[in-house]
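Have a look at the structure below before the remarks.
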Amino acid sequence: MRALTDRMSYSIFAVLVGGILLSQAIALGLYRTDRAEAVADAEGGQLANCLDGMVGAIEEQPPEVRSMILRNLKERQVTIRTNAGHEVVLDVYERSSLPKRDISPAISVPPFGLVTTPPPEPKTIQVSRQMKDGTWMKFYAPVTATDALREPGFLASLAGSAAVAILLSAWVLGFTTRPLRRFAAAADRLGVDMNAPSLDEAGPREVRLAASAFNKMQRRLKAFVEDRTRMLAAISHDLRTPLTRMRLRAEFIDDDTVREKMLEDLQEMEAMIGATLAFAREEASQEAIEPLDLGSLVAKLAESAREAGHPVGLLPPARPVRIMGRRTALKRALGNLMDNAVKYGGAAEVALTCTGESVVVTIDDHGPGIPEAEMENVFRPFYRLEASRSRDTGGTGLGLSVANDVVRAHGGEIRLSNRPEGGLRVAVVLPLETAGR
């Protein structure tokens, strides 16, 4: 039941199919009732007219001919009784509903009568007439009607019409909900690629209006990101000139202590400006997507870190992990995460595992971890945890921001968690099929 309500198309289809089946059942019930009445009325009229003609023929014919006529009537399941007096029919359930215009006027007046038996017995026509010799002769003929469900091919045609209606409803439903799937796919693409193709503004008026509004939103978001990137790049670039002048002036300060502190501050500012420029370049990057062996890429990063004297361990994957992605961007993101683990956790332990349709790169350290309340804040640009990540370590607060942007651009996510044995675990989850769209 939950599967039917989980998707709108399934819910609508279930309602349509239920409505079709209900209408078919109601129509079938009405058809059976009306048809049975109509067939009974028609057959009853024919029988009554036939009996009317036969009564006169029986009375006028000689005995041998009369016997032949009676045999013919018996072949039509007509019961004939004779008695010496008129038998009055009491407690009649229903007077015949046969239209009188369909019955000969000769039996519409005494001494003839038409009665029907109560359900569920079949309707019966009764004709009573007094013969010339004073004898009463009664004719009983059942009125039978074949059930529509027993007619050859009726159920097959009914099932066929219902199947055609259901298939047509499914096709119309699929055609109607197709724009919703297009919107969902476009929104998913926009979340990982601001330069994704615009929606095709085609279809019904409502769909065209919605597609046009979505495309306008995408253009505004793209313009906003580009303006922000240009602003960051311009500010960072323009600050380099006065910083250079300040560095030159600091060199002429006689006091060694003051000079060293000023040069350290200038060096930190230059590092922040460099990181900001790198962040801006990453935002505006249009690096091509290519097939990547993620296991090989991570192994090279770990090897480079060990060559630089950093304690980085690696648990390689059991099989090659191939994705589509941007090589330089992923190297920068994963390199930042490994550097953070070494700086703030003393060492990094890297592992790759495949889980269904995703690959997970886990980076564990042995540091103090991150408070649960700060898990989301650390992804904000220039945000620092003063308790564990001071400026003295050289951090600018952009490492996790850059890594998070790169991973999201590849359709993945970064998950942070504190390990029970101590330290922080960073899990980079990348979808195998859609990484780097």
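Just so it is clear, none of the values below were taken in a lab; they were calculated from the coordinates. What you are looking at is a predicted structure, and each value in this text was computed from that prediction instead of being measured. Neighbour counts are summed over all protein chains in view; Cβ atoms, including those assigned to glycine, are modelled from backbone coordinates with ideal geometry.
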- Item | 10 Å binning of all Cα-Cα separations within region 209-262, expressed as whole percents from 0 upward | 21, 23, 18, 15, 12, 8, 3
- Message: Based on alpha-carbon atoms only, what is the radius of gyration of region 289-431 relative to the globular estimate 2.2 N^0.38 Å?
- Response: 0.99
- Item | Net length gained if the chain between MET246 and GLU372 were fully extended (0.36 nm per residue, minus Cα distance) | 41.3 nm
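Take peptides 369-379, 329-339 and line them up by average Cβ neighbours within 10 Å, highest first, as a rough protection proxy.
329-339, 369-379
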- Item | Charge sum, other residues only, whose C-beta stays under 15 Å from GLY203's C-beta, Lys/Arg counted +1 and Asp/Glu -1 | +2
- What's the extension gain from TYR31 to ALA14 if we count 0.36 nm per residue and subtract their Cα-Cα distance? 3.6 nm
- Give me the percent of Cα-Cα pairs in region 193-284 that sit more than 19 Å apart, rounded to a whole number. 60 percent
- Query: Under unit Cβ charges (Lys, Arg +1; Asp, Glu -1), what dipole magnitude, rounded to 20 debye, does region 219-264 have relative to its Cα centre?
  - Reply: 620 debye
- Query: What ranking, highest mean first, results for peptides 12-22, 348-358 when packing means the other Cβ atoms within 10 Å averaged over each residue?
  - Reply: 348-358, 12-22
- Message: Counting only other residues whose beta carbon sits under 15 Å from that of ARG247, what net charge do I get with K and R as +1, D and E as -1?
- Response: -1
